[in-house]
Amino acid sequence: MASGEVPTRVRLLEAAVAVMAEGGWAAVTSRAVAERAQANNALVHYYFGSVDALRRAAVMHGIEAELEGPVTAILQAPDTLDGVVEAVAGLAARGAASPGQRVMAEALVAGLRDEELREQSAVQVRMFRDLLASRLAADRDAGRLRADADPAALAVVITALLDGLLLHAVMDPETDAAGSAASLTALLRAAAPSPGPTPDQAPDSAAGGAPGEPTGRPPADQGDDGDAARQ
C-alpha cells in the first residue's frame, strides 16, 4: 500500500457511514458501499463477512469519529462540567447534517432489533460512563461539584443528556443544546462560600448591640442619677 493511501477497509467503512447517513440503515448494501468506495463488491464480504456486520462496523466507526473529540474534551478538561458544555457546543456546531450524528440516530433505532449492535453500543456506553464517573468523583473531592452528587448516577444522566440533545438537534436544528447543557451543569456545581460580614457590618461583641448603638461602656455624662450614686 502506498504511503498516505487509505486502507480499503477504512474506505468501505467511511462509504458505509456516508450511505447510512443519506439513506438510513437499509440503504447500506454491499453494492452501494462498494460503488461509493470505488472498490470491488466482493471486498465487502471479504472484510466484513456480511452486510449486517458491515452496518454494525460502520456504526461503531461513525460514532467513534463523531465522539472522539467531544469525549476527549470531557475527560481531559480541568473541570469536567466545563468539558461537558464544551463538548455539547462542539457537537451542536456541526449541525444536524453531520453524518456521524445521523448514524448515531440510526443506531439507536437499529439497536432495538439488532442484539449484537445493541451489545456493542452498550459496551461503549458503559466504558464512557465509568471514565466519566471517575472524573466527576475527582471533581467532587476537589470541591468543583456538589458534595451531595453521586458521580456514578450523574454519569448516566450526562451520557443520556448528550444522546438526547443530539437527537433533538437532528429533529430541530434550532435547539440550543449548548445553552441547555450549561444551565444543567450550573445546578451541579458546588455552591460558593458565603462571604462573611465586613468590619463595619459586624456587631460590637462587647455589648452585643447592633452597629451604631452604644457600647457596654457607661456614657461620659450620666446626669443627676450618676452623681447621687457616687455620693
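Taking Thr185 as the residue in question, decide whether it is in contact with a His (Cβ under 8 Å, 6 or more places away or on another chain) and at pLDDT 60 or above. So Thr185 fails the test. The set of residues in segment 3-20 that are open to solvent by 20 Å² or more (accessible area, probe 1.4 Å) and in a helix (DSSP H, G or I) comprises Thr8, Arg9, Val10, Arg11, Glu14, Ala18. Screening Leu154, Leu117 for residues that are open to solvent by less than 40 Å² (accessible area, probe 1.4 Å), assigned to a helix (DSSP H, G or I), within 27 Å of Gly23 (Cα to Cα) and at pLDDT 90 or above leaves exactly one candidate, Leu117. The lone criterion from (1) within 19 Å of Pro151 (Cα to Cα); (2) without any contact (Cβ under 8 Å) to a residue 12 or more places away in the chain; (3) surrounded by 13 or more Cβ atoms within 10 Å (Cβ to Cβ) left unmet by Gly111 is number (1). Taken together, the criteria exclude Val84 from residues that are more than 20 Å from Ala190 (Cβ to Cβ), open to solvent by less than 20 Å² (accessible area, probe 1.4 Å), in a helix (DSSP H, G or I) and of a type in the set (Val, Ile, Thr). For Gln76, the criteria (1) touching a helix residue (DSSP H, G or I) at 6+ places or on another chain (Cβ under 6 Å); (2) exposed (fewer than 14 other Cβ atoms within 10 Å of the Cβ); (3) of a type in the set (S, T, N, Q) hold in every case but one, which is (1). Taking first residues from segment 162-182 that are farther than 19 Å from Val125 by Cα and partners that are basic (Lys, Arg) and assigned to a helix (DSSP H, G or I), the Cβ contacts under 7 Å between residues at least 6 apart in sequence or on separate chains come to Val170/Arg102. Only one entry in Leu136, Leu131, Leu161 is open to solvent by 60 Å² or more (accessible area, probe 1.4 Å) and in a helix (DSSP H, G or I), namely Leu131. Candidates in segment 32-67 are the residues that are aromatic (Phe, Trp, Tyr) and open to solvent by 30 Å² or more (accessible area, probe 1.4 Å); of these, the one that is farthest from Ala87 (Cα to Cα) is Tyr46. Looking at this structure, is Val71 closer than 21 Å to Gln124 by Cβ, open to solvent by less than 10 Å² (accessible area, probe 1.4 Å), touching a residue at least 12 places away in the same chain (Cβ under 8 Å) and in a helix (DSSP H, G or I)? When the stated conditions are applied, Val71 does not pass them. Residues of segment 168-179 that are within 14 Å of Ala93 (Cα to Cα) and in a helix (DSSP H, G or I): His168, Ala169, Val170, Ala177, Ala178, Gly179.
The values are calculated or read from the model by the stated rules, or taken from the named source; none is laboratory data. Everything quoted here is computed from the prediction, not taken from an experiment. Heads up, the Cβs are rebuilt from the backbone with ideal geometry, glycines too, and the neighbour counts pull from every protein chain shown. Just so you know, the surface numbers come from the protein's heavy atoms only, side chains and all, with ligands and any DNA or RNA stripped out. Shrake-Rupley method; radii C 1.70, N 1.55, O 1.52, S 1.80 Å.
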